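Just so it is clear, none of the values below were taken in a lab; they were calculated from the coordinates. Here the structure is a predicted model, which is why all the values come from computation and not from measurement. Heads up, the Cβs are rebuilt from the backbone with ideal geometry, glycines too, and the neighbour counts pull from every protein chain shown.
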């Protein structure tokens, strides 16, 4: 579904978002070698890990699988959560303290077919405690590029009267990773070369009290990224009239990325005009969208679009097109 700050063209189902929805993930990067069962099913998710986040939560992460629409996360034989292909992490909640759990992950393709289960991973939640005090913020947060597609983060341990159970890593305002409370370093992968990122770290205790964020660390990955590989292509623009108003009609080919692009930003006359957010049915071949452009004929506009990538950054802009209301395609 799609939603917009402008009325959508009648007959096209859209959920438009005025505010951006940042879809990021942890455990980014290509899947390790692993195939389906030979019948064209999705491959097995690799690199699956599970860490207790508190007495009642476990954080499950995995590597990406190409050409899938979603991931299904299981606790034992029970499906507990399904997330879109752009995400490779989930917090499994409402668990019991002091309990051992087993998790697996399966990939689902656009036809609804589930691939084989990943290997089993185990995590044990700590004992519940009566605790109203949050840990102190992690100190001395540092980061360095580890090649063009990864960043290594380190920090000093936070303090808590009952002990830190886990650390949550945020990229901007979005949680992208989690590690155990005995770790003070991690690597975030699947990034883009020549791109600036900002990370913060928070500590969490067994009672789910979360510390303030440590100081933000900003890291620019080396190399160059001219945006061409991440830009939508074959942008076409036209207009139509409906109910006494004019609408701009756009269509384009999404950039080729390992997971479907679920969000686009549309620039009109040099300024961001609206965002377009798809659900799980984000198109791979060609996208279409129409939005309100006013009631006056003969007005010429410049339009271009860009995609939000799985690492949370914006890709390159498409070629700019010029379209005049009332002129058709």
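What order, most packed first, do the peptides 207-213, 186-192 have when packing is the mean number of other Cβ atoms within 10 Å of each residue?
Values: 207-213: 17.0, 186-192: 20.1.
Answer by packing, highest mean first, reads 186-192, 207-213.
Cut-off is 10 Å between beta-carbons; in what order do 160, 269 appear when sorted fewest neighbours first?
If I rank by nearby Cβ atoms, fewest first, I get 269, 160.
By average Cβ neighbour count within 10 Å, what is the ranking of 57-68, 308-319 from highest down?
57-68, 308-319
For region 110-228, rounded, prolate or oblate, judged on the Cα gyration tensor with a ≥ b ≥ c (square roots of eigenvalues), a/c < 1.5 rounded, else prolate if a/b > b/c?
Oblate, because a/c is 1.5 or more while a/b does not exceed b/c.
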